[in-house]
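The values are calculated or read from the model by the stated rules, or taken from the named source; none is laboratory data. All values derive from a computational prediction rather than experimental measurement. Backbone-built Cβ (ideal geometry, glycine too); neighbour counts: all protein chains shown.
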Amino acid sequence: MRYIDGFVIPIPKKNVKAYLKMAKLGGKLWKKYGALEYIEAVGDDLPSNMGGMAFASFPKIAKVKKGETVVFSFIVYKSRKHRDQVNAKVMKDPAMSEDNFKDKPMPFDMKRMSYGGFQAIVDM
């Protein structure tokens, strides 16, 4: 079964363009080293209910502040082992060197980002 790394990132709306630039670089790198899919999506319809059924919305779980939205992203791999191999290669790529990011502000607060690895249980 495939494996997915998932991210939920609260981000100031004014920084979405800067994030997009960073995300495109990320997509190229992860795909270069074998990721099957790389998706970055910015919140567009973030309701707190669906068909009358209330639930915790993405803005609520991400503790979005005024002027922010949510980026939901995921990277798909063949397996967890494949994910670990791809991520190791990405982290060794010169584009990911610390010097490339030194003195460049992140377009979001990394401390508020949520991340996790997920084993696919339905994959159609």
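Go through region 80-124 and give me each residue that's part of a helix (DSSP H, G or I), of a type outside the set (Val, Ile, Thr) and under 29 Å from MET1 (Cα atoms). Don't jump to the end; show me each part of the working.
Step one: filter region 80-124 for residues part of a helix (DSSP H, G or I), giving 80-92, 94-96, 98-101, 110-112.
Checking which are of a type outside the set (Val, Ile, Thr) leaves us with 80-85, 87-89, 91-92, 94-96, 98-101, 110-112.
Passing the criteria: ARG80, LYS81, HIS82, ARG83, ASP84, GLN85, ASN87, ALA88, LYS89, MET91, LYS92, MET96.
Condition first: among the aromatic types (Phe, Trp, Tyr) and either surrounded by fewer than 17 Cβ atoms within 10 Å (Cβ to Cβ) or part of a helix (DSSP H, G or I) (or both). Now tell me which residues in region 1-32 satisfy that. PHE7, TYR19, TRP30, listed by residue number. Within region 33-55, the set of residues being assigned to a loop (DSSP other than H, G, I, E, B) and more than 20 Å from ASP93 (Cα to Cα) comprises GLY43, ASP44, ASP45, LEU46, PRO47, SER48, GLY51, GLY52, PHE55.
This table checks each residue for (1) free of Cβ contacts under 8 Å to residues at least 60 places away in the same chain; (2) of a type in the set (Phe, Trp, Tyr); (3) under 21 Å from LYS24 (Cα atoms).
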position: PHE58; (1), (2), (3): yes, yes, no
position: ALA62; (1), (2), (3): yes, no, no
position: PHE72; (1), (2), (3): no, yes, yes
position: SER79; (1), (2), (3): no, no, no
position: VAL90; (1), (2), (3): no, no, yes
position: MET96; (1), (2), (3): no, no, yes
position: GLY116; (1), (2), (3): no, no, yes
position: GLN119; (1), (2), (3): no, no, no
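Taken over region 77-122, residues that are surrounded by 10 or more Cβ atoms within 10 Å (Cβ to Cβ) and more than 22 Å from ILE61 (Cβ to Cβ) amount to 22.
Would you please name the residue that is nearest to the chain's Cα centre (by Cα), looking only at residues in region 68-113 that are polar (S, T, N, Q) and at pLDDT 95 or above?
Step one: filter region 68-113 for residues polar (S, T, N, Q), giving 69, 73, 79, 85, 87, 97, 100.
Okay, now just the ones that are also at pLDDT 95 or above, so 69, 73, 79, 85, 87.
Values: THR69: 13, SER73: 3, SER79: 18, GLN85: 18, ASN87: 14 Å.
Looking at residues that are polar (S, T, N, Q) and at pLDDT 95 or above, I get SER73.
The condition (being within 17 Å of the chain's Cα centre (by Cα) and of a type in the set (A, V, I, L, M, F, W, C)) is satisfied by just one residue among ALA41, ALA56: ALA41.
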